[in-house]
Amino acid sequence: MRNPEREVHYFRIRIAVATVFVLAAFITLLARLAWLQVVKHDAYLAQAELNRTAILPVAPNRGLIKDRNGKIIARNYSAYTLEITPEGLRDHEKTIDQLAQVIEVQGRDRRRFKKLLEDSKRFDAIPIRTRLTDAEVARFSAQRYRFPHVELRARLFRDYPLGESAAHLIGYIGRISPGDMERIEKRGDATAYQGTHHIGKVGIEQSYEAELHGTAGHEEVEITAGGRAVRTLSRTASMPGNNLVLSVDIELQKIAEKAFGDRRGALIAIEPKTGDVLAFVAMPTFDPNLFVDGIDPKSWDELNNDPDKPLLNRALRGTYPIGSTYKPFLALAALETGKRRADQVIQDNGVFVFGNRRFRDSNKVPLGPVDLKRSIVKSSDVYYYMLANDLGVDTMHDFMKPWSFGQITGIDVEGEQMGLLPSTAWKERRLKQKWYPGETISLGVGQGYNAFTLLQLAHATATLVNDGVVMKPHLVKAVEDAQSGEMRLTVPQESYRIPIKPEHLKLVREAMVEVNISGTGRRVFEGAPYKVGGKTGTAQVISIKQNEKYVESRVDERHRDHSLFIAFAPADDPIIALAVIVENGGFGARAAAPIARQVIDYKLLGKTPNAPAKEGPDEEVPLPGAAVRVQAAAPPPVNTMAVTQ
């Protein structure tokens, strides 16, 4: 029998339970809604905005580099690049092969991509093609849907419009490596480099990175679910880097580079009164544009394995024996120390005997009576063998040190070599040996342990003609604010003065002028409408036996003597002082002096040569003994190889 009352009771219970459940569900929903809409409103609103928008860094424009006359030698331009995001991409090669069907991808691009993939782990995207043409941009845009891991981006590129010219002084930029990033973070500059992919690697680009780089900005953009930007909501502009105005005259630089032809060597020209470096040449050179996007392994191997070492900055890092170009400075030392009087005469018989060793003169015949002036004009080795013996190594060291021989000049570019100015203390400290008196003799003709940079030689020459006033050499003349155009000069005041008697400086400079009138440089400067002071130099690369005759044609080309020349002009009020070395070029007046003539002709007369400098006369034939070291015991364990890298 049905019991209606019991059924109604159970029904009411079920209704009550359902009601409670529904009410509880609504209360839960209302509580959750209140939690989301009221309590967590601000947090979720911010999260929603982050999903809808993104903050992207805006890389700053890198500062320009100009020469002293305003000619741009490093600039920027914008272009499109194709970049692959490796994360989540299983097969890079397949993607690149598919891309190659749309736009051209060369072997060099593939090799560079692989190298960057290995070395640049911090980057989200790695370029596979840079500097796309408009046609290539259009073709890829039409096929973009096929490449979810490839992006087309507009980038700023660094360009060196002069190519190989001045590459060693300008340097280049390259992609930021993990090591670079560590240094940036240690300096606390990580924020400034957001969105930046490149940094100065060598040369001025590296040394003045802080001035050139600028400050990054940012922009807020609205993005799709796939992460693509659809519109810009706000933007904070980046601050461009400052421009650099160099002391270098790029036209003079190109004249000097052309004068070398295919020969190896270096030249540095300085304005004596200011320390402005007018030309900074290291030959051979290279194209810095190869490094901007990341050099491919093949090009790197070609440069790195080239026997002429185009990547070696010979002007800054090459150390050489400087031969007879050392003599004017030793003459000053002789006068200042009282070891020689200007009118004191010695007899040059063509040989200097020390103990049981004979040091022969490089002149073809004995010079006979020689005073100090004639010793420079005719380049008497015997005079300076005797002088070195009388001065002693420590006196020479103490006198030459203020002239920056074997010292850091402080030029405003990183990587300067110190060279070597020997002393008894140096040998005891470095080689754990005492100094033998016979080792001093070769120092008198710029050989032996002497090893100086061409920068030191040029700097010392500029100081000599600037009356002993030392001006620190510099490549950057001024820093220009990119926005206001305000110029901040970097030219320093004089560093210090070398206390030397004016009459001694005058005597040596007059002798150097006579070198190019009746001495070893006369043929090179014959007919010059200006007076120029100079000194030739020939430096041995390898030692030869005492009784062995030096025959250049029988010696391997890279073991032949170096050709050196120092000069200043005009003689009465010099505006240029320079030093030149031609590796394995022989007598100084044969290879180095003709290069100096072309540079000085352009500086003083505006004369532009049409061809590399021709070799001059070979009037001074190096003979055995000029660089032979003499010792009382074992020979010193240092050779005279010309270049250290």
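The values are calculated or read from the model by the stated rules, or taken from the named source; none is laboratory data. Just so we're clear, the structure is a prediction, and the values are computed from it rather than from any experiment. Here Cβ is always computed from backbone atoms with ideal geometry, including for glycine, and neighbour counts include all displayed protein chains. Only protein heavy atoms, including side chains, enter the accessible area calculation; ligands, DNA and RNA are left aside. Shrake-Rupley method; radii C 1.70, N 1.55, O 1.52, S 1.80 Å.
Can you give the helix-only mean residue ellipticity at 222 nm for the chain, where every DSSP H stretch with n ≥ 4 adds -39500 (n - 2.57) and the sum goes over all residues, rounded to the nearest 500 deg cm²/dmol?
For the chain, the value works out to -10000 deg cm²/dmol.
Is the shape of the range 78-166 best called rounded, prolate or oblate, per the rule: a/c under 1.5 gives rounded, else a/b larger than b/c gives prolate, else oblate, with a ≥ b ≥ c the square roots of the Cα gyration tensor eigenvalues?
It is oblate, given that a/c is not under 1.5 and a/b is not larger than b/c.
Where the centre of each part is set by its Cα atoms, how far does the range 415-486 sit from the range 99-159, in angstrom?
First find each Cα centre; the distance between them is then 47 Å.
For the range 146-268, what does the relative contact order come out to in percent, with C-alpha contacts under 8 Å and a separation of six or more?
Relative CO of the range 146-268 lands at 20 percent.
For the chain, calculate the relative contact order in percent as a whole number, restricting contacts to Cα pairs under 8 Å that are 6 or more residues apart.
15
When ligands, DNA and RNA are left out and all protein chains stay put, how many square angstrom of accessible area per residue does the range 155-284 have with a 1.4 Å probe?
38
For LYS607, which lysines qualify as cross-link partners when the Cα separation must be under 19 Å and same-chain residues fewer than eight apart are set aside?
LYS254, LYS258, LYS531
I need to check one value: relative contact order of the range 437-530, counting alpha carbon pairs closer than 8 Å and at least 6 residues apart, in percent.
18
Need the list of lysines near LYS472 for cross-linking: C-alpha distance under 18 angstrom, and skip anything on the same chain fewer than eight residues off.
LYS273, LYS401
Using only Cα atoms, locate the centre of the range 360-377 and the centre of the range 507-543, then give the distance between them in Å, rounded to an integer.
14
Keeping all protein chains in place, calculate the accessible area per residue for the range 441-593 (probe 1.4 angstrom), answer in Å².
37
Hydropathy first: keep DSSP H helices in the chain averaging at least -0.5 on Kyte-Doolittle, then drop any whose Cα extent along the axis falls short of 30 Å, and list what survives.
The answer, listed by residue number, is 4-34.
For every other residue with a beta carbon closer than 14 angstrom to the beta carbon of ASP301, add +1 if it is Lys or Arg and -1 if Asp or Glu, then tell me the sum.
Combined, the nearby Lys, Arg, Asp and Glu give +3.
Heavy atoms only, probe 1.4 Å: what % of the accessible area of the chain goes to carbon and sulfur, would you let me know?
Percent of accessible area from carbon and sulfur atoms in the chain: 52.
Within the chain, what percent of beta bridges assigned by DSSP are antiparallel, to the nearest 5?
Taking every DSSP beta bridge within the chain, about 95 percent pair in antiparallel fashion.
May I ask you to list the lysines whose Cα is less than 18 Å away from that of LYS186, ignoring any residue fewer than eight positions away on the same chain?
Correct list for LYS186: LYS201.
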